[in-house]
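For reference, the structure discussed in these notes is given below.
What follows draws every value from the coordinates through simple rules; no lab data is involved. Given the structure is predicted, the values throughout are model-derived calculations rather than measurements. Neighbour counts run over all protein chains shown; Cβ positions are idealised from the backbone, glycine included.
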Amino acid sequence: MFAAMRQPVGAGFKPARESFFLCLLRQENRASLSKGNVVMPMLDKSIFEQLRNDLSEELYRHCQGVEETAAKLALSLGYCESKARLAGLLHDCAREWPHEKLLDFAGQHAIETDRFALRSPVLLHAPVGAAQAYAWGIIDGEILAAIRNHTLGFPGMSVLEQIVYVADKIEPGRRYSGVEELRVLVAKDFKLGLKQAAAQSIAHVLDKNQLLHPLTVSFWNWLIEMH
Ligand SMILES: [Fe+2]
Ligand SMILES: [Fe+2]
C-alpha cells in the first residue's frame, strides 16, 4: 500500500482513501499504529464522520490533499506516515467555524486571544483546531502542535510540524503563482522548500498589507539561523 505512494509530491494525486483510517480502527490493525516508541492515539470512527460533517466539500478535499501530501513527505523524510496523515487530515478542522465560535471556544479553553487574533479571528482556527482534536481524543503532542502551528509557523518546529506546514501550501488542490516551483523545490530539498514556503506566506501577508504576527517573524528568523 505504501509503495504506491513513493512518487514525487503532488504527482498522480488521487483523493485520499478515507478507508485508510477506518481500517486502522479494526483491532487487528492497531499494531500498525505503533512505530518504534511512537504510539498513535486510539482512533474513533466518529472523528472522521464529524470532520466530514463539519467541513464543506471543498475544505474536506483540501484536508485530504494535505493528508496525502504529508504522507508522501513523511515517507521521503523517514517520518511516521500515520501521524503525518492524521495531522494533515485534521489540520483545518476548525477552519470554517464562525469568528464568534472561534473566539468563544478560545475563551473557554484558555487559548490566547492576542490583538492579532482579535483583529483576524480566523487565525484562531489553528490553536482551536488543536484543542478540538484533543477533545476528540488525539493526545499525541506532535500532532497537536502540527495542527496548532500550521498557520503562523513556529521557531523550532518539529519535523511533523514542518511537514504539515509545507503540505498545506503545496497539496494538489492549491493553485497560486509559484506553487509548482515550490512543489519542485520541496521534492528536491525539503529544508529549502520549507524556507521558500514561509517566504511566500510572509510575502502574501505583506502584499495584503496585513499585520505580520510575531510568531511568524520568529519562525522566519529561526529558519534563517538554522539553515
Ligand atoms: Fe489552516
Ligand atoms: Fe489548510
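Couple of notes before you dig in:
- Spin-label pair Ile224-Leu206: with each label point 7 Å from Cα along the Cα-Cβ axis, the two points sit 1.0 nm from one another.
- Part-to-part distance (alpha-carbon centres) for segment 144-172 and segment 58-94, which is given in Å: 10 Å
- Among 141-153, 61-73, the order from most to least packed when residues are scored by Cβ within 10 Å on average: 61-73, 141-153
- For the peptides 47-55, 130-138, the ranking by packing is 130-138, 47-55, with the highest mean count of neighbouring Cβ atoms within 10 Å listed first.
- Segment 13-226: equivalent-ellipsoid semi-axes (sqrt of 5 x gyration tensor eigenvalues, Cα, Å): 25, 22, 16
- Estimated distance in nm for a label pair at Arg115 and Glu49, the labels positioned 7 Å out from Cα along Cα-to-Cβ: 4.6 nm
- Note on Gln108/Glu58: beta-carbon distance plugged into 1/(1 + (r/R0)^6) with R0 of 30 Å gives a FRET efficiency of 0.60.
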